[in-house]
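Note sheet for the following structure.
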Amino acid sequence: MMFRFFQSHYYARLFTGLMLALSALVFTQSANAQAKGWPDKPIKLIVGFPPGGGSDAIARVIAIHLSQMWGQQVIIENRGGAAGSLAAEAVAKSNPDGYTILFAQNGLAINVAANPKLPFNGQKDLLPVVGVAATPHILIVNNNSNAKNVSELIAMLKTDPGKLSFGSSGIGNSDHMAGELFLATTGTQAIHIPYKGGSPAATDLVGGQIDFYFAGMPVGLPLYKGDKVRALAVTSKARFGGAPELVTMQEAGVKGYEMALWQGMFVPAGTPANIVQTLNNTVLKILDTPEMKERFQKAGVQIAPMNTQQFADLYNSDIARWKVVIEKSKIKLD
């Protein structure tokens, strides 16, 4: 109950803080050149997760400012289910006219890699437009754990193969795959315990029911800051600004390990290039301010502005990487 209360208030603070930051920004009309004739009616921004989550909070703040800049309402539609695949399918099969946009996270790449029978082609039917954020996970253990660092956790896993357990917010979610990537990279084994959300997994970690957890920052960072858990590392390539004292997995000796929960926007394939460019340019302007960077960092979210090519490269490389991990680990995500 305590974690649900904290998490709901966390997202309320995130939403309020980002709105305040955005309301302080002023953009001139000349800096916001739009594609001719677009948009001339409301735009639908589909989010593949329920209201109140991290992706939803970020999408809503961006939607508010896009509405202000374009003079057209950007309406959020939450279409949860199948780890975001239902929302992705809806956008992939929509009219490519710029009025239906997907706000997705890296679970989309995982789903595309894991399930060739999806009712849409994740690489042909969707066009990556702009990257918004790429937030690392935080590897946490119980305060009473014998693992004081990553090397000691690996040693424990190798001493008792398949005996230790790790949690996740559900099969195929980003925190689950962060754990699977860790096991595949280190050649170790552990029991995966899926939960119905990150807070229940964190609750059991604190209580000692599971041994480690690659928590999302909104759940794991407050626990670490509050001395409720021991943090061993972050999963990003560089140290995380919200907790710069924590080493990265690579610094901890897990060479080649890098994992982030990225978020970004997609449109249906065939959307006119000038609309794609306008959307990309506008979102990048929203993100490119010191105020936004500071607000996101304090909230445990790492801004990662990416243009269309950069975001497409990340998306496609993620799909390729997860195909290898899923095949090697024989993970069943359906």
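Against the conditions (1) modelled with pLDDT under 90; (2) open to solvent by less than 30 Å² (accessible area, probe 1.4 Å); (3) more than 23 Å from Met292 (Cα to Cα); (4) assigned to a helix (DSSP H, G or I), Ala88 satisfies every one except (1).
For the subset of the stretch 113-137 comprising residues that are of a type in the set (S, T, N, Q) and at pLDDT 95 or above, which member is surrounded by the most Cβ atoms within 10 Å (Cβ to Cβ)? It would help to see each step written out before you state the result.
The initial filter retains those residues of the stretch 113-137 that are of a type in the set (S, T, N, Q), namely 115, 121, 123, 135.
This time we only want the ones that are at pLDDT 95 or above, so: 121, 123.
Details: Asn121: 12, Gln123: 15.
Restricting to residues being of a type in the set (S, T, N, Q) and at pLDDT 95 or above, the top hit is Gln123.
Of all residues in the stretch 250-279, those satisfying the criterion of being within 17 Å of Asn316 (Cβ to Cβ) and not in a strand (DSSP E or B) are Glu258, Met259, Ala269, Val276.
Looking at Ala35, is it surrounded by fewer than 19 Cβ atoms within 10 Å (Cβ to Cβ), at pLDDT below 95 and more than 26 Å from Gln302 (Cβ to Cβ)? In short, yes.
Residues in the stretch 216-236 that are closer than 22 Å to Ser55 by Cβ and part of a loop (DSSP other than H, G, I, E, B): Thr235, Ser236. Considering each residue of the stretch 101-112 in turn, none proves to be at pLDDT 95 or above, surrounded by 18 or more Cβ atoms within 10 Å (Cβ to Cβ) and over 19 Å from the mean Cα position of the chain (by Cα). Annotation for the stretch 320-332: no member residue is more than 26 Å from Met177 (Cβ to Cβ) and either modelled with pLDDT of 95 or more or not basic (Lys, Arg) (or both). Exactly one residue out of Lys196, Lys163, Lys158 is of a type in the set (Lys, Arg), open to solvent by 10 Å² or more (accessible area, probe 1.4 Å) and out of contact with any helix residue (DSSP H, G or I) (no Cβ under 9 Å at 6 or more places or on another chain), and it is Lys196.
For every residue, the table says whether it meets (1) at pLDDT 95 or above; (2) out of contact with any His (no Cβ under 6 Å at 6 or more places or on another chain).
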| site | (1), (2) |
| --- | --- |
| Phe214 | yes, no |
| Val219 | no, yes |
| Val234 | yes, yes |
| Ala238 | no, yes |
| Gly242 | no, yes |
| Glu245 | yes, yes |
| Met249 | yes, yes |
| Leu261 | no, yes |
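Answer with yes or no whether Val229 is open to solvent by 10 Å² or more (accessible area, probe 1.4 Å), aliphatic (A, V, I, L, M) and touching a residue at least 40 places away in the same chain (Cβ under 8 Å). So Val229 fails the test. Per the listing Thr278, Thr282, Thr289, Thr271, the residue uniquely more than 19 Å from Gly216 (Cα to Cα), surrounded by fewer than 18 Cβ atoms within 10 Å (Cβ to Cβ), of a type in the set (Val, Ile, Thr) and touching a residue at least 12 places away in the same chain (Cβ under 8 Å) is Thr289. Picking from residues in the stretch 151-197 that are assigned to a helix (DSSP H, G or I) and of a type in the set (Asp, Glu), the one that is nearest to Gly54 (Cα to Cα) is Asp175.
Is it the case that the stretch 59-68 has a residue that's of a type in the set (S, T, N, Q), modelled with pLDDT of 55 or more and within 18 Å of the chain's Cα centre (by Cα)? Steps first, answer last, please.
Step one: of the stretch 59-68, the residues of a type in the set (S, T, N, Q) are 67-68.
Imposing the further condition that a residue be modelled with pLDDT of 55 or more reduces the set to 67-68.
Those still in the list that are within 18 Å of the chain's Cα centre (by Cα) too: none.
No: zero hits.
Taken over the stretch 200-214, the residue count meeting the criterion of being open to solvent by 10 Å² or more (accessible area, probe 1.4 Å) and either closer than 22 Å to Tyr257 by Cβ or polar (S, T, N, Q) (or both) is 3.
Would you be able to tell me the number of residues in the stretch 319-334 that are assigned to a loop (DSSP other than H, G, I, E, B), farther than 19 Å from Asn121 by Cβ and either under 18 Å from the mean Cα position of the chain (by Cα) or not aliphatic (A, V, I, L, M) (or both)? Spell out how you get there, then give the answer.
Taking the stretch 319-334 as the starting set, the residues that turn out to be assigned to a loop (DSSP other than H, G, I, E, B) are 330-334.
Then drop every residue that is not farther than 19 Å from Asn121 by Cβ, which leaves 330-332.
From what is left, the residues that are either under 18 Å from the mean Cα position of the chain (by Cα) or not aliphatic (A, V, I, L, M) (or both) are 330, 332.
Qualifying residue count for the region: 2.
Look at Ile140 and say whether it is buried (at least 20 other Cβ atoms within 10 Å of the Cβ) and either small (Gly, Ala, Ser) or in a helix (DSSP H, G or I) (or both). Spelling it out, it is not the case that Ile140 is buried (at least 20 other Cβ atoms within 10 Å of the Cβ) and either small (Gly, Ala, Ser) or in a helix (DSSP H, G or I) (or both). For the stretch 59-69, the count of residues that are within 25 Å of Thr135 (Cα to Cα), open to solvent by 20 Å² or more (accessible area, probe 1.4 Å) and outside any helix (DSSP H, G or I) is zero. Screening Gln209 on (1) outside any loop (DSSP other than H, G, I, E, B); (2) under 29 Å from Gly81 (Cα atoms) shows it passes everything except condition (1).
Residues that are out of contact with any Gly (no Cβ under 9 Å at 6 or more places or on another chain) and at pLDDT below 95 within the stretch 297-316 comprise just one, Ile303.
The values are calculated or read from the model by the stated rules, or taken from the named source; none is laboratory data. Since this is a predicted model, take the numbers as computed values, not measurements. Neighbour counts are summed over all protein chains in view; Cβ atoms, including those assigned to glycine, are modelled from backbone coordinates with ideal geometry. Ligands, DNA and RNA are stripped out before the accessible areas are found, and what is left, the full protein with its side chains, is counted by its heavy atoms. Shrake-Rupley method; radii C 1.70, N 1.55, O 1.52, S 1.80 Å.
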